[in-house]
Amino acid sequence: MKKEFDFENVPYHFTQCINHSCRRADSCLRHLVYAHASLQQATVEVINPRVQQADGDNCLRYSEERMHAFALGITNLYNSLPHGIAQQLKSQLLSVFGKSKYYRFQRKERHLTPTDQKVVANTFERLGVYSTPQYDELSWQYLW
């Protein structure tokens, strides 16, 4: 899923790539960020050209330019579950994420990354729930 690139969303210290001859430059997030760098930005963090592979085939810093689904809010997570299972699920998620992170998810102060969502799905499966977890909202973002 493509959307207009917004340089304002790029983290301050995100390493950029200036290798225009790389075969994978068109699909690399690091190269895309460099291509959209603001002229007001006097300095940028870049990959050292001396350690880059000329063709990019074995680049250790390659980051695929792909949007990922980030979930926001877990208030709908328990809606279709029996009360006992919902309690067990909440207890296990609190154990895995910790109280602070769990309640930040619940209050929509923090997105669930694809990795966090996988943890939730695995917890569902361990409890014998094979339905897809339902989050309050989904947004598509780059995985910085």
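The values are calculated or read from the model by the stated rules, or taken from the named source; none is laboratory data. Predicted model only: the values in this text are computed from it and were never measured. Here the Cβ is made from the backbone with ideal geometry for all residues, glycine too, and neighbour counts use every protein chain on show.
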Worksheet item: Of the residues in region 71-115, how many are assigned to a helix (DSSP H, G or I) and either more than 15 Å from Q134 (Cβ to Cβ) or free of Cβ contacts under 8 Å to residues at least 40 places away in the same chain (or both)?
Response: 24
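Check N58, N48, N9, N19 and return the single one that is buried (at least 17 other Cβ atoms within 10 Å of the Cβ), of a type outside the set (V, I, T), over 30 Å from F124 (Cα atoms) and outside the structural domain of N122 (by TED's automatic domain parsing).
On the way: N58 fails: buried (at least 17 other Cβ atoms within 10 Å of the Cβ); N48 fails: buried (at least 17 other Cβ atoms within 10 Å of the Cβ); N9 fails: buried (at least 17 other Cβ atoms within 10 Å of the Cβ).
Checking each option against the conditions leaves just N19.
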Practice prompt. Find all pairs meeting these conditions: Cβ atoms under 8 angstrom apart; at least six residues apart or on different chains; first residue within region 24-48 and closer than 16 Å to S63 by Cα and of a type in the set (D, E, K, R); second residue surrounded by fewer than 15 Cβ atoms within 10 Å (Cβ to Cβ) and modelled with pLDDT under 85.
Written response: R24/D57
Worksheet item: Condition test on C59, is it of a type in the set (A, V, I, L, M, F, W, C), touching a His at 6+ places or on another chain (Cβ under 8 Å), assigned to a loop (DSSP other than H, G, I, E, B) and more than 22 Å from P114 (Cα to Cα)?
Response: no
